[in-house]
Amino acid sequence: MRLPFLSAEWFAKVDELVAAAGDLQLPPEIMKAEINATVQRDSGDVAVYLKNGVFKQGHLPSAPTSLTLKEDLARKIFVEGDNVAGAQAFMAGEMQAEGDLATLVQISTIEPTAKQKQLTKQIAEITA
């Protein structure tokens, strides 16, 4: 069953997939990164954050970096694992970033692990 991207049900299923995946062998740079993202949608903005290499609902008060991006770009980055799309969107002004931009640059250059790629594939399969 496919679930609407960024819905409460989608986040719950992603949490299950992450738990089942076990150790994703994430690099320290990704584990240390704390980033808030506001995903702009026609039906209303969705607050998302990255911590310990995993995206969750809401925002972290302590996150030193914040992004604002459209839903289609968020889908490319979060579901398709396309970091290049994020970098291109930032350079084109289609994604706004504030705060610690060095973290964004650093994590955008890291090649995903095999376990990350498998998890990304599973997330794509459940995303409507």
Would you mind counting up the charge near Thr65? Only other residues with Cβ under 13 Å from its Cβ, with Lys and Arg at +1 and Asp and Glu at -1. -2
Quote the FRET efficiency, to the nearest 0.05, computed for Met91 versus Glu71 with a Förster distance R0 of 25 Å and r equal to the Cβ-Cβ distance. 0.80
Under the 0.36 nm per residue contour assumption, what length would be gained going from the current alpha-carbon distance of Glu9 and Ala21 to full extension? 2.5 nm
In square angstrom, what is the accessible area per residue of segment 62-105 with a 1.4 angstrom probe? 56
Ordered by number, the GluC sites (Glu not before Pro) in segment 39-112 that occupy a DSSP loop and have at most 16 other Cβ atoms within 10 Å are Glu80, Glu94
Exceeding the 20 Å Cα-Cα cut-off - candidates Lys51/Lys115; Lys70/Lys115; Lys56/Lys76: Lys70/Lys115
Summing Lys, Arg as +1 and Asp, Glu as -1, what charge do residues with Cβ under 12 Å from the Cβ of Ile107 carry, Ile107 excluded? -3
Could you give the dipole magnitude of segment 13-54 about its Cα centre, charging the beta-carbon of Lys and Arg +1 and that of Asp and Glu -1, in debye to the nearest 20? 40
First select every other residue whose beta carbon is under 9 angstrom from the beta carbon of Tyr49; then total the charges, Lys and Arg +1, Asp and Glu -1. +1
Could you grab the Rg to Rh ratio for the chain? Cα atoms only, Kirkwood for Rh. 0.92
With viscosity set to 1.002 mPa s at 20 °C, what whole-number translational diffusion coefficient in µm²/s follows for segment 61-128 from Stokes-Einstein and a Kirkwood radius over Cα pairs? 166
So the carbon and sulfur contribution to the accessible area of the chain, 1.4 Å probe, in percent, is 53
As I understand it, the dipole of segment 39-82 uses +1 on the Cβ of Lys and Arg and -1 on the Cβ of Asp and Glu, about the Cα centre. Which of His59, Phe78, Gln40 lies farthest toward its positive end? His59
Give me the dipole magnitude in Debye, nearest 20, for segment 47-103 about the Cα centre, with unit charges on the beta carbon: positive for Lys and Arg, negative for Asp and Glu. 200
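The values are calculated or read from the model by the stated rules, or taken from the named source; none is laboratory data. Just so it is clear, the structure is predicted and the values come from calculations on it, not from any experiment. Neighbour counts run over all protein chains shown; Cβ positions are idealised from the backbone, glycine included. Note: areas computed on protein heavy atoms with side chains; ligands, DNA, RNA excluded. Shrake-Rupley method; radii C 1.70, N 1.55, O 1.52, S 1.80 Å.
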